[in-house]
Each structure stands twice: as structure tokens, then as C-alpha cells.
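All remarks here apply to the structure that follows.
Since every read-out is calculated from the coordinates, none of them should be taken as a lab result. Just so it is clear, the model here is predicted, and its values are computed rather than measured. Reconstructed Cβ throughout: ideal geometry from the backbone, glycine too, with neighbour counts over all protein chains shown.
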Ligand SMILES: [Zn+2]
């Protein structure tokens with residue numbers, strides 16, 4: 001696995017570390033720079049971020065992203081995958097009339113509200129030609145093709161619920177469904193790293209719920225899952241949440257998928273998602289056969 005870090009650096013500060021030709025200009029004021037953690041300048045980015053933030057109300061970098069690229073052999077031998085829906089649109093369900101019950105939330109950081117109505121959306125805003133997409137509030141949708149493929153191939157763990165347009169609760173979309181994953185409980189364990197950004201692992205614990213349900217803002221490493229907590233399903237959720245409650249945003253659980261589902265998604269060339277390998281603990285369990293995780297009844 002090779003990890004590349006992408007930073008959106010303020011053009012004004014970029015010459016402090018980068019050559020004029022490095023990266024890609026995004027308009028007048030921002031430059032997108034890709035760098036590996038092994039680059040000697042990597043730590044300097046963190047230092048400059050801290051220095052500039054301490055001196056002014058600005059930052060060296062604003063957005064960031066970590067991309068992990070895998071060798072085909074790493075993907076083929078993986079026992080579990082971390083699945084992320086990336087194709088995103090607005091408005092969210094809540095803005096269109098979908099209701100949420102907050103009585104199930106943890107009082108500390110407000111993780112765990114439950115959807116209490118059908119998903120109501122502006123259906124015209126759903127991206128075309130994507131098999132997986134999400135609203136900005138992490139409501140996950142799939143195309144009819146996905147729902148049909150899951151049924152045809154016996155993929156377990158997903159429920160597909162109808163999506164309704166605003167003000168017309170008798171005309172559900174024929175093309176898209178809400179992806180609901182009822183199987184919850186995979187435990188995120190060490191050495192998973194969660195934090196604010198690649199240089200700030202939330203040492204003050206500002207974004208971590210003391211009750212243990214919310215781990216923090218962002219994943220900074222691959223996710224590692226306790227093998228013993230993996231349910232018998234092809235798609236399931238972590239017990240813990242990541243993110244924060246702000247505006248329309250809510251902390252969300254991470255999605256995990258089996259190698260069987262990953263192979264189906266790849267072979268059908270489905271669109272709108274990213275996957276990473278999810279590591280398992282204890283490591284010794286990895287030596288087991290491919291079916292171990294999802295079919296304990298075989299043993
Ligand atoms: Zn909490």
C-alpha cells in the first residue's frame with residue numbers, strides 16, 4: 001500500500017516549501033500539492049500549519065485528503081474492506097422533510113440519531129450514472145442495478161428502502177433506493193488512528209466522546225477491526241462513529257464489506273465509491289481461510 005497525502009495550500013504560503021512548478025493551481029489562491037509521508041518536507045507542512053495558525057487567523061493548508069493505492073495482490077488477499085460512498089449531492093434528506101429521532105443520541109456529542117421517516121429527497125438532484133451516492137448528511141443511496149445485483153448474488157446485510165420526492169409520498173423513485181445497513185457492531189481497534197488532520201491526532205481529546213461511541217473527526221490511518229466482532233453479513237457497520245454534529249452533518253458509522261461483495265462491485269464496474277483494505281486484529285486470525293470472517297458456522 002502506498003499512501004499519498006493531498007493538501008490544499010494557500011498560494012501565498014506555498015513558496016515557503018514548494019517550487020513554483022509543484023502541485024496544481026486551483027484558482028488564484030489555492031494550490032493542490034501531493035506528497036508522500038516519507039518526503040522530508042512532510043513534517044514541515046505540520047510545523048508551518050501550527051506556526052501560521054498561531055500567528056494569524058489563516059492556515060498553511062485548508063483541505064486535505066489521504067489516498068491509499070494498493071497492489072492487486074493486496075486487494076486479492078484482503079479479508080475485509082472499508083467502503084466509502086464518495087459521490088455526494090445536496091440537499092440532504094432533512095432539508096427535504098426527512099425526520100430524525102434524536103432521543104437515541106448520545107448526549108455528549110450527539111452521535112446516534114435515528115431516521116424516523118422514509119427518506120425524502122429532491123430526486124432530480126441525485127447524480128446520474130452513479131451506482132452509489134450520498135447526501136452531504138451521509139444518507140446513502142444505491143441504483144436499482146445495485147439492488148438487483150445484491151439479490152441475484154445473494155449479498156447479505158443490506159436493506160433497500162424507497163426514496164420519496166418532496167410532497168408526494170405515493171410516488172417512490174423507481175431508479176434509486178436508500179441503502180440501510182442494520183448489522184452494527186464491528187469494533188474499531190488499535191492501531192487505527194483518528195484525529196483532526198494528519199498532524200493533529202486530537203491530543204486534547206476535543207472531538208472524542210468519553211463514552212466511547214464517537215472516536216473523533218477523521219480517520220488518519222487504515223481502519224483496523226476486531227476480528228471477533230465481525231458479523232455474518234457481506235455489508236455491515238462499525239459500532240463507533242466518526243465525524244461531528246454540525247448543521248446538517250451527523251457523526252456516522254463506517255461501512256465494511258466482504259471480499260465477495262468487493263469482487264462483485266469491481267466486476268460490475270459500479271461507480272461512486274472508494275475502498276481501502278480494512279486490517280484485522282488479532283493478526284493471527286488473518287492466517288485463516290477466506291471464509292473465516294463471515295461464516296463461523298463452517299468451523
Ligand atoms: Zn457519546
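Taking one equal scatterer on every alpha-carbon of the stretch 91-169, how large is log10 of I(q)/I(0) by Debye at q = 0.19, 0.26, 0.27 1/Å?
The calculated log intensity ratios at q = 0.19, 0.26, 0.27 Å⁻¹ are -0.92, -1.25, -1.29.
Suppose R0 equals 45 Å. What FRET efficiency, 1/(1 + (r/R0)^6) with r the Cβ-Cβ distance, do residue 117 and residue 267 give to the nearest 0.05? Provide the component values of the computation, followed by the final result.
Working: r = 36 Å, r/R0 = 0.79.
It comes to 0.80.
In what sequence do 261, 26, 10 fall when counting other Cβ within 10 Å, fewest first? Intermediate results must be reported in sequence, preceding the final value.
On the way: 261 24, 26 13, 10 16.
If I rank by nearby Cβ atoms, fewest first, I get 26, 10, 261.
Please compute the length gained on full extension between residue 44 and residue 211, using 0.36 nm multiplied by the number of residues separating them and subtracting their Cα-Cα distance. Mind showing how you got there, number by number?
Working: separation 167, 0.36 × 167 = 60.12 nm, distance 3.47 nm.
Result for the pair: 56.7 nm of gain on full extension.
By its C-alpha gyration tensor, with a ≥ b ≥ c as the square roots of the eigenvalues, how is the stretch 159-254 shaped: rounded for a/c under 1.5, else prolate for a/b larger than b/c, else oblate? Mind dumping the intermediate values first?
Values: a/c = 2.96, a/b = 1.63, b/c = 1.82.
Cα axes put the stretch 159-254 in the oblate bin.
Rounded to whole Å and ordered largest first, report the semi-axes of the equivalent ellipsoid of the stretch 158-215 derived from its Cα gyration tensor (root of 5λ).
Working: eigenvalues 283, 45, 25 Å².
One finds semi-axes of 38, 15, 11 Å for the stretch 158-215.
For residue 22 paired with residue 170, estimate the spin-label separation in nm (one decimal), with each label point 7 Å from Cα along the Cα-to-Cβ line.
Label at residue 22, label at residue 170, 6.3 nm between them.
Please give the calculated 222 nm ellipticity per residue for the chain, where each DSSP H segment of at least 4 residues contributes -39500 (n - 2.57) and the sum is spread over every residue; nearest 500 deg cm²/dmol? Could you put the intermediate results ahead of the total?
Values: 5 runs with 42 residues, N = 299.
About -4000 deg cm²/dmol.
Considering the alpha-carbon set of the chain alone, what are its Rg and its Dmax in angstrom?
Looking at the chain, its Cα Rg and Dmax stand at 20.6, 61 Å.
Could you calculate the contour length gain from residue 56 to residue 129, that is, 0.36 nm times the residue separation minus the distance between their Cα atoms, to one decimal place in nm?
Computed gain between residue 56 and residue 129 is 21.9 nm.
Hey, rough spin-label estimate for residue 89 and residue 10, points 7 angstrom out along Cα→Cβ, what's it come to in nanometres?
3.6
For q = 0.11, 0.12, 0.20, 0.23 Å⁻¹, what log10 I(q)/I(0) does the stretch 2-69 give under the Debye formula with an equal point scatterer on each alpha carbon and no solvent?
-0.23, -0.28, -0.78, -1.03
State, to one decimal in nm, how far the label point of residue 1 lies from the label point of residue 148, with both points 7 Å from Cα in the Cβ direction.
Simple spin-label model gives 3.5 nm for this pair.
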